[in-house]
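Colleague: Mind looking over this structure? Questions follow.
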Amino acid sequence: MAGGWAQDGAVNEQIEASINDELARMRSQRREHVGESLKLCAECEEEIPKARRLARPGVKLCLDCQEERDSAFKARGGINRRGSKDSQLK
């Protein structure tokens, strides 16, 4: 039940839209590995273990460099673009 000027189901629509936006963002960041795996890491030039190259075809980074890249903080806006009155009051 929505209150004020919002129509019924507006909150659920906002939640679904937020989830869909986040899924779209995550899918756009996922890059498919293409081509042949490198034997040496593209960043530190250490040898990439054969097991990793076989498990992830097209891999370009060693495990340490990949973990460092994955753990790097990536700031992004947390603004509710749909302009919920409740989110603006917090």
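Values in this text are rule-based calculations from the coordinates and carry no lab data. Because the structure is a prediction, the values reported are computed rather than measured. We place every Cβ from the backbone using ideal geometry, glycine too, and count neighbours over all the protein chains shown.
Colleague: Cβ under 15 Å from E43's Cβ, E43 left aside: what net charge do those residues give with Lys, Arg +1 and Asp, Glu -1?
Modeller: -3
Colleague: Just need the Rg to Rh number for the stretch 35-74, please, alpha carbons only, Kirkwood Rh.
Modeller: With Rg and the Kirkwood Rh in hand, the quotient comes to 0.98.
Colleague: Starting from the amide H of I48, placed 1.01 Å from N in the peptide plane, find each other amide H under 5 Å away whose residue is 5 or more places distant or on another chain.
Modeller: So I48 has HN proximity to L40, C41.
Colleague: Sort largest first and round to whole Å: the equivalent ellipsoid semi-axes of the stretch 10-71, each the square root of five times a Cα gyration tensor eigenvalue.
Modeller: Semi-axes from the Cα gyration tensor: 35, 12, 8 Å.
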